[in-house]
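Quick notes on the structure that follows.
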Amino acid sequence: MVTTSPGGAPAPLAVRAAAWHLPEHRVPVGELAEREGLDRERRTVLAGLGIDTVAVDTGLGATAMAERACRGALARAGVAAQDLGALVVVESRAPETLISSEVTRLQARLGADRALAFGVGGLGCVSLGPALLAARGLLAADPDLHHVLVAHASTPATPGRYRHPVTVNGDAGQALLLARTGPVRILDLVQETNGAHWDLFRVDYRDRPWEQWREECRDLPGYSFRLAVETRNRLAALLAGLLKRHGLDRADVAGYASQNLSAGGLRFLEESLDVELLPECRENLARYGHLGPNDVLLNLWTALANRRLAEGDRVVLVNVSPVAAWNLLLVEIGPWESTA
Amino acid sequence: MTDTAIEIREFLTVALRRPVEPDEDYFALGLADSLFALELVVFVEERFGIRIEVEDLELDNFRTAERIAALVAGKHGGPAAGDETGAGRAARG
């Protein structure tokens, strides 16, 4: 039983069903075309990221990947798109067109005509957090609203997939059907940001054709040092506060999962928090590369499919973005049937 | 070179798997990644009994062994490094 602070428990939120579109086409990292243009140091880092292959979409596009995931989640829950109360899209880092709406495009393709539809973003991988907060708020505020669909398609902002020295971006669509009850209860969510890092990584685009877009790090030593140590301090404090708020200690947490950036990044988180991450993090990292905001719940669902977790287990999910943002989710596993 | 700087230099030499001079900027040489940063900060905190806070994380405080020693000395409340056996350790309990 979770004991909450005197302020009471957060409003109920649960993942009723989840689905992913993971492209079958996977490209070995050693065969990425951009590898030819990398110097020796970058090739060495790339080879040591712990990524064997990346999932590559061969023509669907972001909206269609998200749509496939949405249809999968709706089908698993037996919910019709017309009955969705809200559709929240975690927007692309680089949409296909400006001014237009990815959100209403997906709404139209799904036929979710009655859904309140809007987008969230601006925090990289951590943008999943505001999407879940919006869903929780909507479900708490409107008793007639029963389902919120959160969707995202992760695909690189640039022609290249390698973000030196961090990760290799893969492609995937994700859909989470959220309700007040479901097999994975989201007990709580804590999040912090520090705008001092807002453009640590960026893509300049206004003065150059798309073929020349590159992800550039403004300050590599700053990334490797200041943000790294700040991340340790922030996450340790957030975790301690999150557990305390629910009357839990480390022994009450059955597992931890994070986003999949690199083998070194996963080890960094383990050492920062003095925890061991679920092995599915490394397995999905090696298989798909980094899938942005889609990683953490894909890792959790993979662990559930592998029967690594049981009913009543509590799991902490960790998301970090260099913009910079830090987010922890505390979830509890309910009665489980594989829906992965 | 202070005792603190000597100890830090020894740590750096082992962690980076190459000799490091007291005033050598190993970040500029591209030798540091986030795991190394974590190990370095944990070493400094545990060995010298201080807590590195976000406001201490200016890279300039950590660029060389000498600068880290100066940070440690400042944390201990004195201009000189090498007296870490006193207040810092006591603060750790």
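The values are calculated or read from the model by the stated rules, or taken from the named source; none is laboratory data. Note that the structure is predicted; figures quoted are calculated from it, not measured. Backbone-built Cβ (ideal geometry, glycine too); neighbour counts: all protein chains shown.
Given the criterion within 14 Å of another protein chain (Cβ to nearest Cβ), touching a strand residue (DSSP E or B) at 6+ places or on another chain (Cβ under 6 Å) and surrounded by 15 or more Cβ atoms within 10 Å (Cβ to Cβ), identify the matching residue among A:Leu291, A:Leu266. Just a single option satisfies the conditions, and that option is A:Leu266. What are the residues in segment B:44-67 that are away from chain A (no Cβ under 12 Å) and under 10 Å from the mean Cα position of the chain (by Cα), if any? Once the filter is applied, which keeps residues that are away from chain A (no Cβ under 12 Å) and under 10 Å from the mean Cα position of the chain (by Cα), segment B:44-67 yields B:Arg47, B:Phe48, B:Thr64, B:Ala65, B:Glu66, B:Arg67.
If you check A:Ala237, A:Ala228, which single one turns out to be among the small types (Gly, Ala, Ser) and without any contact (Cβ under 8 Å) to a residue 40 or more places away in the chain? Let's see the steps before the verdict.
Numbers: A:Ala228 fails: without any contact (Cβ under 8 Å) to a residue 40 or more places away in the chain.
The unique qualifying residue is A:Ala237.
Among the residues making up segment A:225-250, a single one is among the basic types (Lys, Arg), in contact with a helix residue (DSSP H, G or I) (Cβ under 8 Å, 6 or more places away or on another chain) and surrounded by fewer than 19 Cβ atoms within 10 Å (Cβ to Cβ): A:Arg250. One residue alone among A:Val103, A:Val54, A:Val79, A:Val27 is assigned to a loop (DSSP other than H, G, I, E, B) and among the hydrophobic types (A, V, I, L, M, F, W, C), and that residue is A:Val79. The lone criterion from (1) assigned to a helix (DSSP H, G or I); (2) under 22 Å from the mean Cα position of the chain (by Cα); (3) farther than 28 Å from A:Arg42 by Cβ; (4) more than 14 Å from chain B (Cβ to nearest Cβ) left unmet by A:Glu283 is number (3). For segment A:186-200, the criterion of being surrounded by fewer than 19 Cβ atoms within 10 Å (Cβ to Cβ), without any contact (Cβ under 8 Å) to a residue 24 or more places away in the chain and either touching a strand residue (DSSP E or B) at 6+ places or on another chain (Cβ under 9 Å) or at positive phi (or both) is met by none of the residues. Evaluating A:Arg214 against the criteria (1) within 26 Å of A:Pro28 (Cα to Cα); (2) within 14 Å of another protein chain (Cβ to nearest Cβ) leaves one unmet condition, (2).
The residue of segment A:132-150 that is nearest to A:Gly85 (Cα to Cα), among those that are of a type in the set (A, V, I, L, M, F, W, C) and without any contact (Cβ under 8 Å) to a residue 60 or more places away in the chain, is A:Leu138.
Scanning segment A:201-224 for residues that are surrounded by fewer than 18 Cβ atoms within 10 Å (Cβ to Cβ), in contact with a Pro (Cβ under 8 Å, 6 or more places away or on another chain) and part of a helix (DSSP H, G or I) yields A:Trp210, A:Glu211, A:Leu220.
Among the residues of segment B:25-36, what is the count of those that are more than 8 Å from every other protein chain (Cβ to nearest Cβ) and either crowded, with 20+ Cβ neighbours inside 10 Å or touching a helix residue (DSSP H, G or I) at 6+ places or on another chain (Cβ under 8 Å) (or both)?
Number of matching residues: 2.
Taking the criterion of being of a type outside the set (A, V, I, L, M, F, W, C) and at pLDDT 95 or above, the residues of segment A:57-75 that qualify are A:Asp57, A:Gly61, A:Thr63, A:Glu67, A:Arg68, A:Arg71, A:Gly72.
Condition first: touching a residue at least 12 places away in the same chain (Cβ under 8 Å) and on the phi > 0 side of the Ramachandran plot. Now tell me which residues in segment A:258-312 satisfy that. Result: A:Gly289, A:Gly292, A:Gly312.
Only one entry of A:Leu227, A:Leu261 meets the criterion of being within 20 Å of the chain's Cα centre (by Cα) and assigned to a helix (DSSP H, G or I), and that entry is A:Leu227. Taking the stated definitions as given, is A:Asp274 more than 14 Å from chain B (Cβ to nearest Cβ) and acidic (Asp, Glu)? So A:Asp274 fails the test.
One residue is enough: does segment A:43-56 have a residue meeting the conditions touching a residue at least 60 places away in the same chain (Cβ under 8 Å), crowded, with 20+ Cβ neighbours inside 10 Å, of a type in the set (Gly, Ala, Ser) and touching a strand residue (DSSP E or B) at 6+ places or on another chain (Cβ under 9 Å)? Yes, segment A:43-56 contains at least one residue that is touching a residue at least 60 places away in the same chain (Cβ under 8 Å), crowded, with 20+ Cβ neighbours inside 10 Å, of a type in the set (Gly, Ala, Ser) and touching a strand residue (DSSP E or B) at 6+ places or on another chain (Cβ under 9 Å).
Considering A:Leu189, A:Leu145, the condition of being touching a helix residue (DSSP H, G or I) at 6+ places or on another chain (Cβ under 7 Å), in a loop (DSSP other than H, G, I, E, B) and either within 23 Å of A:Pro10 (Cα to Cα) or modelled with pLDDT under 95 (or both) is satisfied by A:Leu145 alone.
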